[in-house]
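For reference, the structure is listed below as structure tokens.
The values are calculated or read from the model by the stated rules, or taken from the named source; none is laboratory data. If you're wondering where the values come from, they're calculated on a predicted model, not measured in any experiment. Virtual Cβ from ideal backbone geometry, glycine too; neighbours counted across all protein chains shown.
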Amino acid sequence: MSTKKKDHTEKKAETFKITGNWTKQATELKEKYSQLTDADLKFEAGKENELLGRVETKLNKKREEVINIINKCNTSKS
């Protein structure tokens, strides 16, 4: 059973993609969270999990919380 839950979590993390204008989103995140740096928010296609990991560490938040924060930035700038 624990394997099934782990696979689901990994799949959810793998399917997260940055959408919209990342430069604008990163700027908004830095304004809201002054501890984030350009290096923390550096985005490379295919390396979304690395970006999430850096932001999780800096904000001391869980992956789901970080994804929600990023998604809110995306929708607020649309």
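Here the stretch 36-73 is the region considered, the condition is being out of contact with any Asp or Glu (no Cβ under 7 Å at 6 or more places or on another chain) and in contact (Cβ under 8 Å) with a residue 40 or more places away in the chain, and the residue that is nearest to F16 (Cα to Cα) is I67. Exactly one of these conditions fails for K58: (1) assigned to a loop (DSSP other than H, G, I, E, B); (2) more than 11 Å from the chain's Cα centre (by Cα); (3) modelled with pLDDT of 95 or more; (4) not aliphatic (A, V, I, L, M). Give me its number. For K58, the failing item is (1).
So which residues in the stretch 10-44 are modelled with pLDDT of 90 or more and of a type in the set (G, A, S), if there are any at all? Across the stretch 10-44, the qualifying residues are A26, S34, A39.
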